[in-house]
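One structure below.
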Amino acid sequence: MTLLVFLGSLLGAMAIGVPVAFALIFCAAMMMWQMDMFNAQIVAQNMVTGADTFTLLAIPFFLLAGELMNAGGLSKRIIDFALACVGHIKGGLGIVAILAAVIMASLSGSAAADTAALAAILIPMMRQAGYNVPRSAGLMAAGGVIAPVIPPSLAYIVFGVAANVSISRLFMAGIAPGIMMGLSLVAVWLFMVRKSDIQPLPRQSASQRLRATGRALWALGMPVIILGGIRMGVVTPTEAAVVAAVYAWFVGTFIYRELRPADLYGVVLRAAKTTAVVMFLVAAALVSAHLITAANIPAELGGLIEPLIDRPKLLMLVIMLLVIVVGTALDLTPTILILTPVLMPIIKMAGIDPVYFGVMFVMNTCIGLLTPPVGVVLNVVSGVAKVPLGKVIGGVMPFLFTYIALLLLFVIFPELITVPMRWLT
């Protein structure tokens, strides 16, 4: 009965347009009422306790680092570097987009920000060069959603806090699947453009490539410092976020000199607004998580799927299908916060590695960013590239199916994630 109250109140509130954070609080109140333990102090105390976590300090600093990176010219120089390296290949601008997306993913971790930066610079170039614009816009969207998979990732921080899983291990485990996502996009893109009559860009000379690499060197050093520091135990993920923000400010202000003191107010304000939304969601979700545990909902669900407990791969397949369906209606962060408290006890009962599951879960929620009707990244690329949303959806479909196939491959062969994870950690 409590499970029905949980689902009914949550889905009902969202169906009438209640924001997700308030829907989660309403859902918690309904569960307390059903269990005859209604007390407003439970809501207040769990919201304060949930947000009062040192690990969550990484969220505002990584968001600030992303904003500083875009305002300080780091993104632009990464794209110039990719153009110098692979722009001369047939369909090279698409490969540039993928290479730049992978590099930028290791800097900001924001799918929407990376997609906007890529589309703003590359879509006009691809339109002028004769590329299929809806297909190119779909590629930008597919490349942008690599950001939450490759560390540093806000999604891993949120999942790690909600599931009590090591964020450092999640970061290291996300590197290999993120790179594989990029490689799969390259393979599909090259197959799609093999018969096109697009003329590649002129090959840049060795000196030009060297200059582009030199200009991008400071930007390329940022992921080395962040991931290297975490890997060697010099900094925690939270401390790495502070280092990333200071580094992005220093490079944008003193090295590239594109970040002026007058720009800082707008940069900090944008980061603060996004932080407020994410933190309120986290606080509200942890109230529901407390009551989900108190109501023993995971045990109820465990009873329903008991036949699958001894078949972990089949269980993972069923859970991934569930997350894909939920992801069509919810954004990345709410999906993680709502489902993690429910699914993690089941994952532990089945003996599935929580870090492996976390990477798979985050990758799956990223796929949800490409699926209508919500499809946040689709809306971003549609607005920036000035391409109708319907055409962007058509353009992204080949890449969406590629990601789903890759996700299925990871379910069948979890070693593709766990073996590199053990080597890196």
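Taken together, the values in this text are just the output of simple stated rules run on the coordinates, not laboratory data. No experiment lies behind these values; they were computed from the predicted model shown. With ideal geometry, Cβ positions are generated from the backbone for all residues, glycine too; neighbour counts draw on all protein chains shown.
Observations
- Inter-probe distance in nm under a simple model that places probes 7 Å from Cα toward Cβ, at Phe38 and Gln208: 7.1
- In this calculation the C-beta distance from Tyr256 to Val277 is compared with R0 = 35 Å, giving a FRET efficiency of 0.75.
- Residue among Val48, Val355, Val86 with the largest mean-square fluctuation in a Gaussian network model of the chain, springs linking Cα atoms under 10 Å: Val48
- Loop chymotrypsin sites (Phe, Trp or Tyr not before Pro), region 19-89, which have at most 14 other Cβ atoms in a 10 Å radius of their Cβ (DSSP): Phe38
- Relative contact order (%) - criterion: Cα under 8 Å, at least six apart; region: region 360-425: 27
- Charging the Cβ of each Asp and Glu at -1 and of each Lys and Arg at +1, and nothing else, the dipole of the chain about its Cα centre rounds to 1620 debye.
- If you plug the beta carbon distance of Arg194 and Leu4 into 1/(1 + (r/R0)^6) with R0 = 51 Å, you get a FRET efficiency near 0.45.
- In order through region 65-82: 3J(HN,Hα) via Karplus (6.51 cos²θ - 1.76 cosθ + 1.60), integer Hz, x for Gly, Pro: 4, x, 5, 5, 5, 5, 6, x, x, 5, 4, 4, 6, 5, 5, 4, 5, 5
- Amide H contacts of Leu259 (H built 1.01 Å from N, under 5 Å, at least 5 apart or other chain): Thr253
- Over the chain, relative contact order from alpha-carbon pairs under 8 Å, at least 6 apart, %: 26
- Counting only DSSP H runs of at least 4 residues, each contributing -39500 (n - 2.57), and dividing by the residue count of the chain, the helix-based mean residue ellipticity at 222 nm comes to -24500 deg cm²/dmol.
- Shape call, region 220-285: gyration tensor on alpha carbons, a/c limit 1.5: oblate
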